Every structure is written in structure tokens, then in C-alpha cells.
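Engineer: Dropping the structure in here first, questions after.
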Amino acid sequence: MAPPPPATAVPGVASRSRARRRRSWVGWRFVGPFLAVFALVFLAPIAYSIHLSLFRDRLVGGNSFVGLDNYRQVLADPLFWAAVGRVSLFLVVQVPVMLFLALLVALAIDSGRLYGRNFFRLAVFLPYAVPAVVASLMWGFMYGTRFGLVGNINEAFGVTLPDPLSPDLVLASIGNIVTWEFIGYNMLILYAALQVVPRSLYESAEIDGASQLRVVLSIKLPALRGALLIATIFSIIGSFQLFNEPSILQKLAPNAITTSFTPNLYAYSLSFSGRQFNNSATVAIVMGVLTMVVAYLVQLRGMRKDGAR
């Protein structure tokens, strides 16, 4: 029996294979520049910080590998945990207040009953455009009891207002600055979410005779759950990253704002004042992990609530 003839290549199969391989590289060419920048400005600093956190600069022997000793030292540092507790208190008090005010503003603008709505929206958002350094200097001047607005009020009316930069009130004063800065940003997130609510729901509610309060509770607030979750996560990250405001106000209130007032300020002081780069990198890594865990837990809880509903 004669052997079967050898299989011949189907015309065009090889060319189609080469064309598919060429097309498979097209996507990488588009995302390649972004991946290069992402690796350079995001992944590389994290990798370098982790590398620094595993070493320690000794008087004898130079920079030597110490493993997790720096992490154990930071986790046992009372100054670090005092700073974490301070920003945690800031988060628990300031974030709900800020988001509540942003929600009220977004609902007021969306109601259509606010006179000068466009001007009001711009006026509320405008503080977000002010750099944090400028905002801190401006409010720091107003907080001054000897040269600022508080001092002028005391002198004009013969009263003695509490010092906003005293150790007992400085955290609340910083919260006031951050709230003033970011109400407009969170308002914009919530207002944008309200704009995608189908108008047919409002028409149905009007036909049913629902009041404005019922519309807010039954239509608008459920539609804002996702936006509120996003705004909450952003605010949590911002609270743990608190740095600009206490750093600027520290010059005005050195007795109230110490070098370990917040974790980021503590890491900055360790690095640039104490020349303890390894400990500074360790504080940054620990705070990054802590922020990621808290933000993830909040996101997970929000997603579970939405799923339960």
C-alpha cells in the first residue's frame, strides 16, 4: 500500500499567523510608554523604599542588611503610633463632617431651586483650586492671636477667643482647613453622580405625589452610594497622607505641632532632619500598607452593603 502524500500547507495560513503576531504587538506599542512611565515613577520608588527599609546605616560597617528589624523598631515606636492615632481621630471626625456638607451642597445644587446655582457651584469648588500651601498660610494668618484675624477680633471687641493653634485645638483647626479645601472636590463627585439619575424616576415620583424629602431619601441617596464610597476612600487616603497643612502651620505653632504630629511629617523629619533614611522608608511602607488595608476594608464593606440591598 502506497504511503499517503505529504501534507501541504494551506495557502495563506502562514501569512495570517504572521499578521496575528504583528497585531498582538500593536497593543503593547500603545501601552508601552505608559508602562515605562508607571514603572519609573511608581514601581521604582516603592521598590527602592522597600530596599531601604531592609537596611540600616551603622557607624561601623556602613549600610548593612537587617531584615525586618526596622519594621519591628517602627511598630514599637510610641511616636509613630501617637501620630497614627492622631490622623485616625482626624479621619473619624473630619471625613464624615466634610462628606455630609458636600452632600448637602450637591443636593442643593441638583434641586434646581437654588438661585445662582452656577455661581454657587463655582464658589464652592474654587477652594479646591487653591494650593494647600497657600490655603494653610492664609488660614494660619487668620488663626493668629497676635497678628491675625483672631487677634484683631480680640482687640476690637475686647474679648479673648480661644487660640486655634493651641495644642488642644490645632487638630480641629487643621480639619477646618482640609474641609474648606475639599468640600468642592467631593461635591463635584456627588453632583456628577446625581446627573446620571434617570429623569423618569423623578417624573414617576412627581406623579405619585412624593415630597422632595421622599425623592431625596428614595431616589437620590440610593443613587449616591457608589459615589459616596469613592469619596470616602479618597478621603481616607488623604487623611492618612496629611502633611501639607501641619507642615506649614508648624512654623506658627511649634509647641502644638511636633515633628511627629502625623506619620508623613514624622517620616519627613526622620529623613531630612535626622538623616535616618532607612527608618523613614520603613514608616512610609508601613503607612502605605495600613492605608491600603483600611481603604480596602471600607470598599469591601460598601460593596457588601450594595450587594445585600
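The values are calculated or read from the model by the stated rules, or taken from the named source; none is laboratory data. Just so we're clear, the structure is a prediction, and the values are computed from it rather than from any experiment. For neighbour counting, all protein chains shown are included, and Cβ atoms are generated from backbone atoms with ideal geometry for every residue, glycine included.
Engineer: Read through the list (1) in contact (Cβ under 8 Å) with a residue 24 or more places away in the chain; (2) aromatic (Phe, Trp, Tyr); (3) closer than 26 Å to ASP69 by Cβ, then give the number of the only condition that PHE272 fails.
Structural biologist: PHE272 satisfies every listed condition except (1).
Engineer: How many residues are over 21 Å from the mean Cα position of the chain (by Cα) and touching a residue at least 12 places away in the same chain (Cβ under 8 Å) when one looks only at segment 121-136?
Structural biologist: Taking segment 121-136 as the starting set, the residues that turn out to be over 21 Å from the mean Cα position of the chain (by Cα) are 121-123.
Now drop any that are not touching a residue at least 12 places away in the same chain (Cβ under 8 Å), which leaves 121.
Counting residues in segment 121-136 that are over 21 Å from the mean Cα position of the chain (by Cα) and touching a residue at least 12 places away in the same chain (Cβ under 8 Å) gives 1.
Engineer: Among LEU161, LEU171, LEU89, LEU107, which is the only one that is over 29 Å from VAL293 (Cα atoms) and touching a residue at least 40 places away in the same chain (Cβ under 8 Å)? Walk me through how you get there before you give the answer.
Structural biologist: Details: LEU161 fails: touching a residue at least 40 places away in the same chain (Cβ under 8 Å); LEU171 fails: over 29 Å from VAL293 (Cα atoms); LEU89 fails: over 29 Å from VAL293 (Cα atoms).
Exactly one of LEU161, LEU171, LEU89, LEU107 is over 29 Å from VAL293 (Cα atoms) and touching a residue at least 40 places away in the same chain (Cβ under 8 Å), namely LEU107.
Engineer: Could you check segment 36-147 for helices (runs of 4 or more DSSP H) lying wholly inside it with 1 or more residues that are among the small types (Gly, Ala, Ser)?
Structural biologist: Numbers: elements: 44-53, 69-75, 78-110, 117-129, 132-143.
Qualifying helices (runs of 4 or more DSSP H): 44-53, 78-110, 117-129, 132-143.
Engineer: Out of the residues in segment 38-94 that are of a type in the set (Ser, Thr, Tyr) and more than 15 Å from LEU270 (Cβ to Cβ), state the one that is modelled with the lowest pLDDT.
Structural biologist: Step one: filter segment 38-94 for residues of a type in the set (Ser, Thr, Tyr), giving 48-49, 53, 64, 71, 88.
Going one step further and asking which of them are more than 15 Å from LEU270 (Cβ to Cβ), we end up with 48, 64, 88.
Numbers: TYR48: 93, SER64: 85, SER88: 96.
Of everything passing the filter in segment 38-94, SER64 is modelled with the lowest pLDDT.
Engineer: If you don't mind, another one. Which helices (runs of 4 or more DSSP H) does segment 211-309 wholly contain that include 2 or more residues that are over 30 Å from SER200 (Cα atoms)? Steps first, answer last, please.
Structural biologist: Details: elements: 212-215, 225-240, 244-249, 263-272, 277-308.
Counting at least 2 such residues, we get 225-240, 244-249, 263-272, 277-308.
Engineer: Quick check on LEU161: is it buried (at least 20 other Cβ atoms within 10 Å of the Cβ), not basic (Lys, Arg) and not in a helix (DSSP H, G or I)? Full working, then the answer.
Structural biologist: Working: buried (at least 20 other Cβ atoms within 10 Å of the Cβ): no; not basic (Lys, Arg): yes; not in a helix (DSSP H, G or I): yes.
Taking the combined requirement at face value, the residue does not satisfy it.
Engineer: For residues in segment 198-217 being among the small types (Gly, Ala, Ser) and surrounded by 13 or more Cβ atoms within 10 Å (Cβ to Cβ), which is modelled with the highest pLDDT? Give the derivation first.
Structural biologist: Start the filter on segment 198-217 by keeping residues that are among the small types (Gly, Ala, Ser), which leaves 200, 204-205, 209-211.
Applying the additional criterion that residues be surrounded by 13 or more Cβ atoms within 10 Å (Cβ to Cβ) yields 205, 210.
Numbers: ALA205: 86, ALA210: 83.
Per the criteria, the residue is ALA205.
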